[in-house]
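Student: There's a structure below that I have some questions on.
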Amino acid sequence: MTKLLYMTDSYLKEFEATITKISDDGMNVYLDRTAFFTGGGGQPHDTGMLLVKSEEYSVSKIGRDQDREYFHRVDRPLKAEIGSLIKGEIDWDRRYIIMRYHTALHILCGLIWKEFGSSVTGGNMYPNKARMDFNLADFSKERVNYIEKRVAEEIAAARDVVIKILPREEAFQIPDLIRTKINLLPPQIKEVRTVEIVGLDLQADGGTHLKNTREVGTVRIIETINKGKENKRIVIKIED
Ligand SMILES: [Zn+2]
């Protein structure tokens, strides 16, 4: 299995790895380790570049085959062999803005839970906006303005974001994690990665995050959508 380097270092932009497998068409490249985010939890996979024998290949997607192994899809058949060293570079501008959106969504999630006791029903992020759905009944203009103001306060509070990898049993003792449906994790998963915005939010999460909320920048709520009686969507945009 590919070691996922971003799990412990979300700021890794370049890495070296060894090719472990190449598909028959030469365009799915398997590595022993990668810094490319593989996609999941509403966060899109990374794009970027693989460099081998002074050739550059662009990576358009990270996929998963029927054996659940990750591969890097490149733009043309790779001219290299299994066992060769390869260098990877992720498209950092795209990844970093997505990280800012991901941490912004956790701020939103933490404060809406604290203030209104509403949990998240879904979410998604893109390089230019993000959305999150909440189990929330009332969605007045005043409330939306209040939420936007509170998000700005939590960003200005410069809260640290701490990532830990815990044994499953230990993670299951944390009351905050219960609401994020940690109990639905398949039994074969022995370790749980947690993302904590200190003093605000704690979730089991596989995504990439900022080190501190101050890096998020200015968040605007650009749209709210009534998806049903107890289901409201918030769409945010980072302005700077
Ligand atoms: Zn998340």
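Student: Kindly check whether there is at least one residue in segment 102-113 that is at pLDDT 95 or above, surrounded by fewer than 17 Cβ atoms within 10 Å (Cβ to Cβ) and out of contact with any His (no Cβ under 7 Å at 6 or more places or on another chain).
Tutor: No: zero hits.
Student: Kindly indicate whether GLY83 is more than 20 Å from GLN43 (Cβ to Cβ) and free of Cβ contacts under 8 Å to residues at least 12 places away in the same chain.
Tutor: Values: more than 20 Å from GLN43 (Cβ to Cβ): yes; free of Cβ contacts under 8 Å to residues at least 12 places away in the same chain: no.
Considered against the rule, which asks whether it is more than 20 Å from GLN43 (Cβ to Cβ) and free of Cβ contacts under 8 Å to residues at least 12 places away in the same chain, GLY83 comes out as no.
Student: For segment 114-158, what are the residues that are polar (S, T, N, Q), away from the ligand (no atom under 16 Å from the Cβ) and surrounded by 14 or more Cβ atoms within 10 Å (Cβ to Cβ)?
Tutor: At the first step, the residues of segment 114-158 found to be polar (S, T, N, Q) are 118-119, 121, 124, 128, 135, 140, 145.
Still in the running and away from the ligand (no atom under 16 Å from the Cβ): 118, 128, 135, 140, 145.
Matches in segment 114-158: SER118, ASN135.
Student: Hey, another quick one. Name the residues in segment 13-25 that are farther than 15 Å from LYS61 by Cβ and in contact with a strand residue (DSSP E or B) (Cβ under 8 Å, 6 or more places away or on another chain), would you? Spell out the reasoning first.
Tutor: First pass over segment 13-25, keeping only residues farther than 15 Å from LYS61 by Cβ: 13-22, 24.
Within segment 13-25, LYS13, GLU14, PHE15, GLU16, ALA17, THR18, ILE19, THR20, LYS21, ILE22 meet the criteria.
Student: To continue, here is another question. Which pairs turn up if I take residues in segment 23-47 that are under 18 Å from GLN66 (Cα atoms) and β-branched (Val, Ile, Thr) and look for partners that are within 16 Å of the ligand (Cβ to nearest atom) and in a loop (DSSP other than H, G, I, E, B) with beta carbon separation below 9 Å, at least 6 apart in sequence or on another chain?
Tutor: Within 9 Å, the pairs are THR38/HIS45; THR38/ASP46; THR38/GLY206.
Student: Please enumerate the residues belonging to segment 199-227 that are closer than 18 Å to GLU170 by Cβ and out of contact with any helix residue (DSSP H, G or I) (no Cβ under 6 Å at 6 or more places or on another chain).
Tutor: Taking segment 199-227 and keeping what is closer than 18 Å to GLU170 by Cβ, we get 202-206.
Correct list: GLN203, ASP205, GLY206.
Student: So, in segment 197-221, of the ones that are of a type in the set (D, E, K, R) and away from the ligand (no atom under 13 Å from the Cβ), which residue ends up surrounded by the most Cβ atoms within 10 Å (Cβ to Cβ)?
Tutor: Among residues in segment 197-221 that are of a type in the set (D, E, K, R) and away from the ligand (no atom under 13 Å from the Cβ), the one surrounded by the most Cβ atoms within 10 Å (Cβ to Cβ) is GLU215.
Student: Hey, another quick one. Please verify whether LYS13 is in contact with a helix residue (DSSP H, G or I) (Cβ under 9 Å, 6 or more places away or on another chain), touching a residue at least 24 places away in the same chain (Cβ under 8 Å) and more than 16 Å from the ligand (Cβ to nearest atom), treating the condition exactly as stated. I'd like the intermediate steps shown before the answer.
Tutor: On the way: in contact with a helix residue (DSSP H, G or I) (Cβ under 9 Å, 6 or more places away or on another chain): yes; touching a residue at least 24 places away in the same chain (Cβ under 8 Å): yes; more than 16 Å from the ligand (Cβ to nearest atom): yes.
For LYS13, the condition - in contact with a helix residue (DSSP H, G or I) (Cβ under 9 Å, 6 or more places away or on another chain), touching a residue at least 24 places away in the same chain (Cβ under 8 Å) and more than 16 Å from the ligand (Cβ to nearest atom) - is met.
Student: Give just the number: which of (1) over 15 Å from ILE222 (Cα atoms); (2) part of a strand (DSSP E or B); (3) among the aliphatic types (A, V, I, L, M) does MET132 not satisfy?
Tutor: Every listed condition holds for MET132 apart from (1).
Student: It is to be established whether one or more residues within segment 141-156 are outside any helix (DSSP H, G or I) and out of contact with any strand residue (DSSP E or B) (no Cβ under 8 Å at 6 or more places or on another chain).
Tutor: Quick first cut of segment 141-156, residues outside any helix (DSSP H, G or I) only: none.
The answer is no, given that none of the residues of segment 141-156 is outside any helix (DSSP H, G or I) and out of contact with any strand residue (DSSP E or B) (no Cβ under 8 Å at 6 or more places or on another chain).
Student: Name the residue, out of THR224, THR194, that is among the β-branched types (Val, Ile, Thr) and within 16 Å of the ligand (Cβ to nearest atom).
Tutor: Details: THR224 fails: within 16 Å of the ligand (Cβ to nearest atom).
Among THR224, THR194, only THR194 is among the β-branched types (Val, Ile, Thr) and within 16 Å of the ligand (Cβ to nearest atom).
Student: Follow-up. I'm checking my understanding of the structure. Among residues of segment 1-19 that are among the hydroxyl-bearing types (Ser, Thr, Tyr) and surrounded by fewer than 16 Cβ atoms within 10 Å (Cβ to Cβ), which one is farthest from GLU89 (Cα to Cα)? Even if it seems obvious, please write down each step before you answer.
Tutor: Filtering segment 1-19 down to residues among the hydroxyl-bearing types (Ser, Thr, Tyr) leaves 2, 6, 8, 10-11, 18.
This time we only want the ones that are surrounded by fewer than 16 Cβ atoms within 10 Å (Cβ to Cβ), so: 8, 11, 18.
Working: THR8: 17, TYR11: 12, THR18: 14 Å.
Applying the filter and picking the extreme gives THR8.
Student: Further, regarding this structure: Condition first: hydrophobic (A, V, I, L, M, F, W, C) and within 16 Å of the ligand (Cβ to nearest atom). Now tell me which residues in segment 77-108 satisfy that. Spell out the reasoning first.
Tutor: In the first step, residues of segment 77-108 are kept if they are hydrophobic (A, V, I, L, M, F, W, C); the result is 78, 80, 82, 85-86, 90, 92, 97-99, 104-105, 107-108.
Once the filter is applied, which keeps residues that are hydrophobic (A, V, I, L, M, F, W, C) and within 16 Å of the ligand (Cβ to nearest atom), segment 77-108 yields ILE97, ILE98, MET99, ALA104, LEU105, ILE107, LEU108.
Student: Is one or more of the residues making up segment 160-177 farther than 26 Å from TYR126 by Cβ, in contact (Cβ under 8 Å) with a residue 24 or more places away in the chain and part of a loop (DSSP other than H, G, I, E, B)?
Tutor: Yes, segment 160-177 contains a residue that is farther than 26 Å from TYR126 by Cβ, in contact (Cβ under 8 Å) with a residue 24 or more places away in the chain and part of a loop (DSSP other than H, G, I, E, B).
Student: Still on this model: I want to confirm something. Restricting to segment 27-71 and keeping residues that are aromatic (Phe, Trp, Tyr) and away from the ligand (no atom under 16 Å from the Cβ), which single residue is nearest to ILE98 (Cα to Cα)? If you could, list the steps in order and put the result at the bottom.
Tutor: Here is the first cut: in segment 27-71, the residues aromatic (Phe, Trp, Tyr) are 30, 36-37, 57, 70-71.
Pick out the ones that are also away from the ligand (no atom under 16 Å from the Cβ) and you get 30, 36, 57, 70-71.
Working: TYR30: 24, PHE36: 13, TYR57: 23, TYR70: 21, PHE71: 21 Å.
Going through the qualifying residues, I end up with PHE36.
The values are calculated or read from the model by the stated rules, or taken from the named source; none is laboratory data. Everything numeric in this text was worked out from a predicted model, so none of it was measured. Cβ coordinates were reconstructed from backbone atoms using ideal geometry, including for glycine residues, and neighbour counts include every protein chain displayed.
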